[in-house]
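The values are calculated or read from the model by the stated rules, or taken from the named source; none is laboratory data. None of the values given here were measured: they were computed from a predicted structure. Glycine also receives a Cβ, built like all others from the backbone with ideal geometry; neighbour counts cover every protein chain displayed. Protein only, heavy atoms only, side chains kept; ligands, DNA and RNA dropped before computing areas. Shrake-Rupley method; radii C 1.70, N 1.55, O 1.52, S 1.80 Å.
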Amino acid sequence: ENSLQKTSYSYTIDPGDIFNSPYALNLSSFTKLIKRLQAAHPEASRDQIVEAIQQVRKNNKGMLCGLAISTIEERTSAIL
């Protein structure tokens with residue numbers, strides 16, 4: 001008899017698969033970036049912000065690595 005129950009954890013962080021790459025922001029940095037952008041652009045939805053970040057990534061040869069958070073924030077703000 002196995003006294004341990006299998007536990008299934010389900011969570012979705014699917015802002016366009018930003019995290020599925022070694023070139024991605026880590027979760028902590030991404031969360032901070034989203035919060036800063038939401039404060040700077042209260043009119044923008046979270047989805048719009050994520051789409052703008054994806055555009056920044058696309059414009060940077062598909063990568064966010066090598067860009068400072070402040071640079072990503074500036075470029076995302078320009079798109080928003």
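See the values below:
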| item | result |
| --- | --- |
| Single residue of ARG75, ARG57 found to be surrounded by 13 or more Cβ atoms within 10 Å (Cβ to Cβ), of a type in the set (D, E, K, R), out of contact with any Cys (no Cβ under 9 Å at 6 or more places or on another chain) and at pLDDT 95 or above | ARG75 |
| Residue count for segment 53-80, restricted to those that are outside any loop (DSSP other than H, G, I, E, B), closer than 16 Å to ALA39 by Cβ and in contact with a helix residue (DSSP H, G or I) (Cβ under 8 Å, 6 or more places away or on another chain) | 6 |
| In segment 22-31, the residues that are open to solvent by less than 40 Å² (accessible area, probe 1.4 Å) and part of a loop (DSSP other than H, G, I, E, B) | ALA24, LEU25 |
| Identity of the residue in segment 32-46, part of a loop (DSSP other than H, G, I, E, B) and in contact with a helix residue (DSSP H, G or I) (Cβ under 8 Å, 6 or more places away or on another chain), that ends up surrounded by the most Cβ atoms within 10 Å (Cβ to Cβ) | ALA44 |
